[in-house]
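Trainee: If you scroll down you'll find the structure; I have some questions about it.
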Amino acid sequence: MTAALLLGLGLLLMAIGMPVAFAIGIAGFTYFFLPETFLPTNIGVQRIVSATQSFPLLAVPLFIFIGHLMNASGITPRLIRLSTLLAGWMSGGLAQASIVLSTLMGGVSGSAVADAAMQSRVLGKGMIQEGYTPGFSGAVLAIGGLITATIPPSIGLILYGYLGEVSIGRLFIAGVVPGFLLMVALMVTTFFVAKRRGYAPVREKLPSGREVLAAARSSIWALLFPVWLLVGIRYGLFTPTEAGAFAVAYALLVGCVIHREMGLRDVLTAMHASVRDIGMIMLIIMFSGIIGYVVSFERVPQTIAELTLGVFASPTALLLTLAVLLVLLGMLLEATVVVMLLTPILVPVIKAAGIDPVHFGLLMMTLVTFGGMTPPVGISMYTVCGILRCSFFDYSRELLPFALAVFVVVLGIIFFPDIVLFLPNWLMG
């Protein structure tokens, strides 16, 4: 009960506009000042420090840095050309290309919000000039970022693996198939909407094999990036954290030596942007360590597991219920915050119910990231609508068919766990 009240206090503080990190920190420290608490307050300080003492957690700043480096290395324009070539011949060619680009960028940016913001600046105005409504353009560009939550290296999956003590390597490999399923579902939805509205292709005919080969060759270093990561992790060449260091060196090599489009000023700009993002995320992680300690000390996971196992007759019913909860929370809080608050609570529960934590991790990241694309406080929604200057009402209305496509994929993940698990089981045992 005490832990629930503290979480409620944290949510209340966020609701009135307090920065997330400080809202979590105040809620956590409040526990040590309660009359029934006998723990010294210096434990709270210790938990803040100990939350940063993790080798796997080092992957987060490294992959944030790699996202900024890749955007400055000349990779993005090459991927845009390849995406337009592959999908521009379909109805709604630019919208289709944006979804393919999100899939290709998933192995580069690792962030749904970063992907949506980049595409809105690069493709958004062109889509509106082609006759797409601002609401439709915003919905397509925002929902495409959902693929980034599953395609490795997803920052959310790194945090989930760290907090839930789940193999990050297995999570990375497990995200490949759901990511491509989301791409197919969103492209099919885009096709039917574009066909009905008469949104034209941007190419008159299918690309030739020679054209595809030439575009792929120019983008080869970006296309190989997620392959190197998965192969290296699978065969033990490096851990997910060491993969982050490899990725930074890889981006510097590609940008400075191979493409020769990234200079010292670009590297410094990427470092400056990365420090800002890393500082925000790490402050949240540090203060969430207090909440995590309180939740564990109060035996919240064990209590919830005992209650849920008596209520839900099957793991599927539990997953369906948690799916609704995650979507609702994702609509109110940023995905990273939801992952850090709920992972220590829910992972023991789903393990007790016999659910693979890798399966649940992909489901959780998909749903909480999708919540960030919906009203009332979706960060991706605000980002895209702000750049394209479209109304939230038009955006929300245009998002509905894409939301339906996402839920179809989510139901497939829930009812058929092998969609997520067969690839990591096959490659890693």
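Trainee: Would you tell me the accessible area of MET271, worked out with a 1.4 angstrom probe on the heavy atoms of the protein chains, in Å² to the nearest 10?
Mentor: Accessible surface of MET271 is approximately 90 Å².
Trainee: Using the heavy atoms of the protein chains alone and a 1.4 angstrom probe, what is the accessible area of the chain per residue in square angstrom?
Mentor: Using a 1.4 Å probe on heavy atoms only, each residue of the chain averages 42 Å².
Trainee: With the crude spin-label approximation of a point 7 Å out along Cα→Cβ, what separation in nm comes out for ASP418 versus LEU34?
Mentor: According to this spin-label approximation, the distance is 4.6 nm.
Trainee: Once the Cα atoms of the range 209-253 are picked out, what are the Rg and Dmax in Å?
Mentor: Every Cα atom of the range 209-253 included, Rg and Dmax give 12.7, 38 Å.
Trainee: A follow-up question, please. Give the calculated FRET efficiency between ALA249 and ASN425 to the nearest 0.05, with a Förster radius of 30 Å applied to their Cβ-Cβ distance.
Mentor: 0.45
Trainee: While we're here: Could you sort ASP418, ASP394 by their accessible area in this structure, using a 1.4 Å probe and putting the largest first?
Mentor: Reading off the accessible areas and sorting them downward yields ASP418, ASP394.
Trainee: Excluding same-chain residues fewer than 8 positions from LYS195, which aspartates and glutamates have a Cα within less than 16 Å of its Cα?
Mentor: Those aspartates and glutamates meeting the cut-off are GLU130, GLU204, GLU398.
Trainee: Something else: Could you give the semi-axes, largest first, of the ellipsoid that matches the range 83-206, computed as the square roots of 5 times the alpha carbon gyration tensor eigenvalues and rounded to whole Å?
Mentor: 29, 14, 11
Trainee: Looking at the range 198-261, which GluC sites (Glu not before Pro) are DSSP coil and have at most 10 other C-beta atoms within 10 Å of their C-beta?
Mentor: For GluC sites (Glu not before Pro) across the range 198-261 that sit outside H, G, I, E and B with at most 10 neighbouring Cβ atoms in 10 Å, the list reads GLU204.
Trainee: Over the Cα atoms of the range 339-388, compute the convex hull volume and normalise it per residue, giving Å³.
Mentor: 80
Trainee: With each run of n ≥ 4 DSSP H residues scored as -39500 (n - 2.57), what mean residue ellipticity at 222 nm is computed for the chain after dividing by its residue count and rounding to the nearest 500 deg cm²/dmol?
Mentor: -24000 deg cm²/dmol
Trainee: Using a 1.4 Å probe over the heavy atoms of the protein chains, calculate the carbon and sulfur portion of the accessible area of the chain as a whole percent.
Mentor: Carbon-and-sulfur percentage of accessible area, whole number: 69.
Trainee: Which semi-axis lengths, in whole Å and largest first, follow from the square roots of five times the eigenvalues of the Cα gyration tensor of the range 323-417?
Mentor: 27, 15, 8
Trainee: Estimate the FRET efficiency between GLU211 and ASN42 by the formula 1/(1 + (r/R0)^6), using the beta-carbon distance for r and 45 Å for R0, to the nearest 0.05.
Mentor: For GLU211 and ASN42, the calculated efficiency is 0.10.
Trainee: Are there DSSP H segments in the chain that both extend 30 Å or more along their axis (alpha-carbon positions) and score a mean Kyte-Doolittle hydropathy of at least 0.0? List them, or say none.
Mentor: Helices meeting the criterion: 176-197, 264-297, 392-415.
Trainee: Can I ask one more? Out of every Cα-Cα pair in the range 362-429, what percent are more than 20 Å apart?
Mentor: Value for the range 362-429: 42 percent of Cα pairs lie more than 20 Å apart.
Trainee: Related question: What number in nm² do you get for the range 200-281 if you take the convex hull of its Cα atoms and divide its surface by four?
Mentor: For the range 200-281, averaging the hull's shadow over all directions gives 8.9 nm².
Trainee: Go ahead and run the numbers for FRET between TYR382 and MET18, Cβ-Cβ distance against an R0 of 22 Å, rounding to 0.05.
Mentor: 0.75
Trainee: Let me ask another. When the Kirkwood radius is taken over all Cα pairs of the chain, what Stokes-Einstein diffusion coefficient follows at 37 °C and 0.692 mPa s, in µm²/s?
Mentor: In µm²/s, the coefficient is 148.
The values are calculated or read from the model by the stated rules, or taken from the named source; none is laboratory data. The model shown is predicted, which means the values in this text are computed figures rather than measured ones. Virtual Cβ from ideal backbone geometry, glycine too; neighbours counted across all protein chains shown. Note: areas computed on protein heavy atoms with side chains; ligands, DNA, RNA excluded. Shrake-Rupley method; radii C 1.70, N 1.55, O 1.52, S 1.80 Å.
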